[in-house]
1. I need the calculated FRET efficiency for the pair Asp183 and His88, taking r as the beta carbon distance and R₀ as 25 Å, to the nearest 0.05.
2. Given a 10 angstrom Cα cut-off, can you work out which residue in Val171, Val87, Val12 is the most mobile in a GNM of the chain?
3. Which loop-located trypsin sites (Lys or Arg not before Pro) does segment 1-99 contain, where loop means any DSSP state but H, G, I, E or B and the Cβ has at most 14 other Cβ atoms within 10 Å?
4. Efficiency by 1/(1 + (r/R0)^6): what FRET value for Arg120 and Asn66, r their Cβ-Cβ distance, R0 = 45 Å, to the nearest 0.05?
5. Short version: ³J(HN,Hα) in whole Hz for each residue of segment 173-180, in order, from phi by Karplus 6.51 cos²θ - 1.76 cosθ + 1.60 (θ = phi - 60°), x for Gly and Pro, what are they?
6. Can you tell me how much longer the chain between Glu146 and Val176 gets when fully stretched, taken as 0.36 nm per residue apart minus their C-alpha distance, in nm with one decimal?
7. When the chain is treated as a GNM, springs tying every alpha-carbon pair under 10 Å, which of His59, His88, His38 comes out with the largest mean-square fluctuation?
8. Helix-only estimate, please: 222 nm mean residue ellipticity of the chain, summing -39500 (n - 2.57) across DSSP H runs of length 4 or more and dividing by its residues, to the nearest 500.
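No value in this document is a laboratory result; all are computed from the given coordinates. Owing to the predicted nature of the structure, the values given are computational and were not obtained by experimental measurement. Cβ placement follows ideal geometry from the backbone for every residue including glycine, while neighbour counts extend to all protein chains displayed.
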Amino acid sequence: MRDWKRAAALPVGFFSQDVIAVGRGLLGAVLVTSFEGHTTAGRIVEVEAYLGAADPASHAFEFRRNRQNESIYGAPGNWYVYRSYGVHWCANLVCGPPGVGAAVLIRALEPVAGLEVMRRRRGTTADRLLCAGPGRLCEAMGIARELDGAAMRRSAALVKPGCMPPSGGVVATTRVGISRGRDALLRFVLRDSIYLSRPVRAEN
């Protein structure tokens, strides 16, 4: 893996791309957080793309706006953090031009640094499950609503370049836990990772 400790965060230009390109491009990158004096890091192994106004599963479907989703319409590379079902925080990165409402949800990480802090935050020692799912990873990494709307490059949660997935190592599947737009192949995962929120089915 590239030395993420010395690497700069991904540039804003990366997030100005099409949301699908961003989603695929984030696989293998490293999310690094620094909260309350603790640094944690995890390699991104699973994401989901949400296309914006034309995507019925997106919070920006038909350009709906409310106080909770305002950040999804922000600048590329900004964080959009929301609470799912009133319980778990979910971390997304805004993509494309401002106002489009496209974003990539980070669904799972492979823990690479600060595991003791993650275990304490999560109340578990099962490393495979520390960041397997968007709610789990936010808890493990210390991410909460305070990050919402922040420019990633100036925030306490940075995404840095990591190692590129091998050829054929990325699989596209349907998204998880949604009731609309279920057939779209917009969940991207590293095929051989044991840290996914859900395994890849054999037909994928």
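1. Numbers: r = 25 Å, r/R0 = 0.99.
Step by step, r from the Cβ atoms, then E = 0.50.
2. Val87
3. Working: sites: Arg2, Lys5, Arg6, Arg24, Arg43, Arg64, Arg65, Arg67, Arg83; in loops: Arg2, Lys5, Arg6, Arg64, Arg65, Arg67.
When the trypsin sites (Lys or Arg not before Pro) of segment 1-99 are filtered for loop state and at most 14 Cβ neighbours within 10 Å, Arg2, Lys5, Arg6, Arg64, Arg65, Arg67 remain.
4. Values: r = 34 Å, r/R0 = 0.76.
It comes to 0.85.
5. Once rounded to whole Hz, the list reads 9, 6, 6, 9, x, 10, 9, 10.
6. 8.3 nm
7. With Cα springs under 10 Å in the chain, the top fluctuation among His59, His88, His38 is at His38.
8. -3500 deg cm²/dmol
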